[in-house]
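The values are calculated or read from the model by the stated rules, or taken from the named source; none is laboratory data. Predicted model only: the values in this text are computed from it and were never measured. All Cβ positions, even for glycine, are placed from backbone atoms using ideal geometry, and neighbour counts span all protein chains on display.
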């Protein structure tokens, strides 16, 4: 299923999937979510930010052919929905926020876990040390 990102999000937000009057708003909110995904290192090419300009960009342009990233579709829908059309029922809004948080965590985990096909984040151990008081890693130049 490799549809248009914009058209699929428009359909999920509804109610009229053919109405293009809010496309500019949706593109802005979708691209904001792509910025978050870029910062998490998620995407077929996580070295450059991805953005859409209209209905021509497809899911495979961002995900590639990696089915492990299919959760991106739901994540982008939820994040766009919460900004564009927040549910009138606060319980639904909170449930959507929790779902987005879980998907974000799982996508990040997948990208950073070699056993799940991701790459371990780089860390310069030579320049950092463990602070005994806080239990946190600190820059060796500042310690």
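Here is a check on your reading of the model: is residue 94 loosely packed, with under 13 Cβ neighbours inside 10 Å, at pLDDT 95 or above and on the phi < 0 side of the Ramachandran plot? In short, yes.
Would you be able to say whether some residue in segment 102-113 is under 17 Å from residue 8 (Cβ atoms), surrounded by 13 or more Cβ atoms within 10 Å (Cβ to Cβ) and within 14 Å of the chain's Cα centre (by Cα)?
So the first thing to find is which residues in segment 102-113 are under 17 Å from residue 8 (Cβ atoms), and the list is 103.
The next check asks that each one be surrounded by 13 or more Cβ atoms within 10 Å (Cβ to Cβ); those that pass are 103.
From what's left, within 14 Å of the chain's Cα centre (by Cα): 103.
Yes, the conditions are met somewhere in segment 102-113.
Out of 48, 32, 53, one residue alone is in a loop (DSSP other than H, G, I, E, B), over 21 Å from residue 112 (Cα atoms) and without any contact (Cβ under 8 Å) to a residue 60 or more places away in the chain. It is 53. Before we move on, is residue 129 in contact with a strand residue (DSSP E or B) (Cβ under 8 Å, 6 or more places away or on another chain) and outside any loop (DSSP other than H, G, I, E, B)? So residue 129 passes the test.
Return yes or no: is residue 19 in contact with a helix residue (DSSP H, G or I) (Cβ under 7 Å, 6 or more places away or on another chain) and either within 12 Å of residue 7 (Cα to Cα) or not in a helix (DSSP H, G or I) (or both)? For residue 19, the condition - in contact with a helix residue (DSSP H, G or I) (Cβ under 7 Å, 6 or more places away or on another chain) and either within 12 Å of residue 7 (Cα to Cα) or not in a helix (DSSP H, G or I) (or both) - is not met.
Of all residues in segment 45-58, those that are touching a helix residue (DSSP H, G or I) at 6+ places or on another chain (Cβ under 6 Å) and either crowded, with 18+ Cβ neighbours inside 10 Å or closer than 14 Å to residue 73 by Cβ (or both) total 3.
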